[in-house]
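What follows is a single structure, written as structure tokens, with notes after it.
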Amino acid sequence: MREPGWDATSPHRREHRDGALLVVGDVVTDVVAQYRGPLASGTDTAAAIRTVPGGAGANVACWAAHWGCAEVRLLGRVGADAAAWHERELTASGVRPHLVVDPAAPTGTVICLVDTGASAERTFLTDSGASLRLDPDDWSPSLLDGVAWLHLSGYLFFSESCRALAAVALESARARGVPVSVDPASAGFLTELGVDRFLALAEGIDVLLPSRDEACLLTGLPDTADAAAKLSRHVPLVVVKQGGAGALVAESGTVRDLVPATPAAPVDTTGAGDAFTGAFLAALLSGSRPGEAAAQGCRAGALAVERVGGRPERGMDGPGTVP
């Protein structure tokens with residue numbers, strides 16, 4: 001990976017970056033089932049069930065738009081069964097969708113089992129469907145026209161065709177001098193893919209945004225701060241999301257900022273990390289320092305866990321009104 005640290009030409013220096021944010025990633029349909037555990041095996045468990053638009057990449061794009069990013073674009077792949085609905089939902093959230101309609105696979109579906117106890121923790125059952133069938137033919141360098149930042153959802157690294165697309169997109173961005181961020185997305189899928197393989201695929205990126213579990217998995221270190229510091233020797237900027245413990249910002253092998261969480265009353269933690277990432281990128285593009293941007297991410301994450309689903313509710317508070 002690139003040498004640690006950066007100089008005055010770094011994409012992370014404090015200034016406003018004119019241009020759009022392009023997110024490449026998954027668009028899925030979430031079926032959220034809220035229940036109070038334990039699940040009753042072999043019989044019924046009462047639950048409140050809702051169907052909402054989701055997908056880590058799509059959620060990040062929606063939160064970035066909600067957090068004030070002037071132009072957000074999204075490249076994703078869906079099935080014909082729900083393409084029109086997803087396009088309408090993304091557009092209504094302020095995102096310019098570039099959705100490829102898969103001729104064979106249905107839209108991906110995730111069943112989110114949410115325990116309505118104090119932690120509101122969730123378990124996912126995932127049918128990726130069309131979302132992990134993006135391929136290099138879906139990419140065009142023109143997608144970067146007017147783009148100031150490229151964000152790749154980590155789910156792109158979990159299928160062969162999406163890995164090939166991610167490599168082409170990363171190469172195109174590097175050729176244009178467009179900074180690139182990656183959110184690893186899933187500790188479970190990371191384990192299946194392999195840590196060394198993921199790090200090799202992510203070589204050359206500018207910002208890595210793992211969760212606490214993902215950071216520890218990627219380094220083999222049990223302490224989150226140690227893991228963040230180690231990762232930042234390979235990626236210029238590492239921001240580790242710690243949920244109720246806030247976030248860590250590391251650069252050049254050192255943890256620079258310990259950002260406290262924003263207090264929240266969790267209802268559904270689905271998409272909290274996506275909210276953090278979207279708000280963080282919006283703030284970074286507006287000129288905020290990494291620590292300041294991470295604080296905005298924590299605020300967005302707090303808003304996300306207090307509602308059902310992984311997207312901001314239209315009309316809900318944005319960055320200027322969150323305490």
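The values are calculated or read from the model by the stated rules, or taken from the named source; none is laboratory data. All figures in this text were calculated on a predicted structure; none of them were measured in a lab. Backbone-built Cβ (ideal geometry, glycine too); neighbour counts: all protein chains shown. The protein model used for the area step is the full one, side chains on, heavy atoms only, and it has no ligands, DNA or RNA in it. Shrake-Rupley method; radii C 1.70, N 1.55, O 1.52, S 1.80 Å.
Can you give me the long-range amide H partners of GLY287? Hydrogens built in the peptide plane at 1.01 Å from N, cutoff under 5 Å, separation of 5 or more residues or another chain.
GLU15, ARG17
Cα extents of the stretch 150-238 along the three principal axes, largest first, in whole Å?
36, 25, 16
Quick one, which of (1) 23.3, 90; (2) 18.3, 62; (3) 19.3, 63 is the actual Rg and Dmax of the Cα atoms in Å calculated for this model?
Label of the calculated value: (2).
Taking H placed 1.01 Å from N in the peptide plane, check which residues at least 5 places from ARG77 or on another chain put their amide H under 5 Å from its amide H.
The answer is VAL27, VAL100.
Any idea what the dipole of the chain comes to, in debye rounded to 20, about its Cα centre with Lys/Arg Cβ at +1 and Asp/Glu Cβ at -1? Display every interim value, and only then the final one.
Details: 26 positive and 38 negative charges, 111 e Å.
Once rounded to the nearest 20, the dipole reads 540 debye.
How much of the accessible area of the stretch 193-274, probe 1.4 Å, is carbon plus sulfur, in whole percent? Don't skip to the end; give the middle numbers.
Details: 1660 of 3170 Å².
Within the stretch 193-274, the accessible surface is 53 percent carbon and sulfur.
Looking at the chain, send over the antiparallel percent of its DSSP beta bridges, to the nearest 5.
On the way: 23 of 57 bridges.
Among the beta bridges of the chain, antiparallel pairing accounts for roughly 40 percent.
State in Å² the accessible area per residue of the chain; use a 1.4 Å probe, count heavy atoms of protein chains only, and round to the nearest integer.
Details: 13110 Å² over 323 residues.
Per residue, the chain has 41 Å² of solvent-accessible surface.
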